[in-house]
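Presented below is the structure to which this report refers.
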Amino acid sequence: MLNLALVALLSGSLFAAPDGDCKKERACERDQAPVALEAVTDVRSVTADTYAFGRAADSAPIKLWVEYARGFTEDVFLPNGTEATVSALTGGTADRISAQRLGVGLQLNVINFSSFKLGVGGQLNVAQDQTELGGTTVAESAFGLQSAKIFGMARGRVVGIHGGYILDLADGPTPTELDVTTDQLDAIFFGADFDYPSERFRLFGGLDYFMPQSGDIESLDATGAVVTSPADPQNNILLFTMGVGLKFSVFELGTAFLMRAQDKTGQINASGSHAGSLVPYLRISPPSLPVSIFVKGGVAREYADYGFPLGGGNDVKAGVPGFTAGLTVGFE
């Protein structure tokens, strides 16, 4: 079990003092040399999957966002790290898996000071997965509810902690409809993140731990009939995020490195899994508005984004290109 302990940092601001000899206000403003810069007060959002949103605006206690994603995979990583095609694993019945995602979220900061924030929120996710052969869809899930995430957060100027509950809303597979968008289990999650912004760059990172809960899962047997069996609850997931962004004019261009690791489990994943990827992003923020438009080169599966693959084992290898585009309100 991973235990996280964090402290809030960087409180207080430095201000320049006026020159007592100034006789006129304009002369004072002209002659006064700045002796210190005000400490940065803006911080980023609440969980590791929002690194491309930008920093939460102090002026907007309510944050809103919507995003859409589309991606595919034609290869997977075997347990030993080598690659294999989807076609080889399915015996030629499918050669590509496509996915699309839609998410809508809201966060309310009940305490919204520049040096401390306390908030609650939620995100509703819709998903669809399709298996294809030669460009023709052979099986697919409905474009329906995937999960609902409820969370709380507390943070200082740079460092924050968060946690919550993910309610699995996806249907299981049926003889005529395939649904593989979730592990069919609710999950508890908690984590920590930091964002250190300056005038020209952002340095950010996070560590999240997901604990899927016990329950029953549905699958198809060799005859295509639906069978129900208890799930192994020990498939905990660790997600590490680290990245940097460069800012110029109204643009921020950056890259996040993501590493996802899953425990050894019984029925879901017999030998555990891991996958590393890079997710570039571009964010456009109009001046004087707490609004951002962003696009990133990654697609969320269930718990984490998958971007340009660096390597892995017993996991999917994301295809290129995959993208997520979105709009946020209350970020800058």
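The values are calculated or read from the model by the stated rules, or taken from the named source; none is laboratory data. Small disclaimer: the values here were computed from a predicted structure and weren't measured. Note that we place each Cβ from the backbone using ideal geometry, even for glycine, and neighbour counts take in every protein chain shown. The accessibility values were calculated without ligands, DNA or RNA, using every heavy atom of the protein model including side chains. Shrake-Rupley method; radii C 1.70, N 1.55, O 1.52, S 1.80 Å.
Brief remarks on what is shown
- Residue in region 152-169 that is part of a loop (DSSP other than H, G, I, E, B) and farther than 25 Å from ASP58 by Cβ present: yes
- You will find that of LEU253, LEU238, LEU289, LEU327, the residue that is more than 22 Å from ALA60 (Cβ to Cβ) and either open to solvent by 70 Å² or more (accessible area, probe 1.4 Å) or free of Cβ contacts under 8 Å to residues at least 40 places away in the same chain (or both) is LEU253 and no other.
- From the options ILE237, ILE284, residue that is within 24 Å of PHE189 (Cβ to Cβ), at pLDDT 90 or above and in contact with a strand residue (DSSP E or B) (Cβ under 7 Å, 6 or more places away or on another chain): ILE237
- Any hit, region 172-187, residues being of a type in the set (Asp, Glu), crowded, with 18+ Cβ neighbours inside 10 Å, in a strand (DSSP E or B) and touching a residue at least 40 places away in the same chain (Cβ under 8 Å): no
- All positions within region 93-116 that are within 17 Å of ARG155 (Cα to Cα) and without any contact (Cβ under 8 Å) to a residue 60 or more places away in the chain: LEU108, ASN109, VAL110, ILE111, ASN112, PHE113
- Close contacts from region 132-155, counting a first residue that is under 16 Å from PHE72 (Cα atoms) and modelled with pLDDT of 90 or more and a second that is crowded, with 16+ Cβ neighbours inside 10 Å and aromatic (Phe, Trp, Tyr), with Cβ to Cβ under 9 Å and a gap of 6+ residues or different chains, come to GLU132/PHE72.
- Residue pairs whose Cβ atoms lie under 6 Å apart, sitting 6 or more positions apart in sequence or on different chains, and linking a residue in region 299-314 that is of a type outside the set (A, V, I, L, M) to a partner that is open to solvent by 40 Å² or more (accessible area, probe 1.4 Å), are GLY307/LEU278; PHE308/LEU278; PRO309/LYS317; GLY312/HIS274; GLY313/PRO79; GLY313/HIS274; ASN314/PRO79; ASN314/SER271.
- Test for GLY163: is it among the small types (Gly, Ala, Ser) and open to solvent by less than 50 Å² (accessible area, probe 1.4 Å): yes
- Scanning region 306-317 for residues being open to solvent by less than 20 Å² (accessible area, probe 1.4 Å) and within 17 Å of the chain's Cα centre (by Cα) gives a total of 1.
- Leading residue by the ranking (nearest to PHE189 (Cα to Cα)) among those in region 72-127 that are open to solvent by less than 50 Å² (accessible area, probe 1.4 Å) and part of a helix (DSSP H, G or I): VAL86
- Positions within region 81-123 being more than 22 Å from GLY330 (Cα to Cα) and β-branched (Val, Ile, Thr), in sequence order: THR82, THR85, VAL86, THR90, THR93, ILE97
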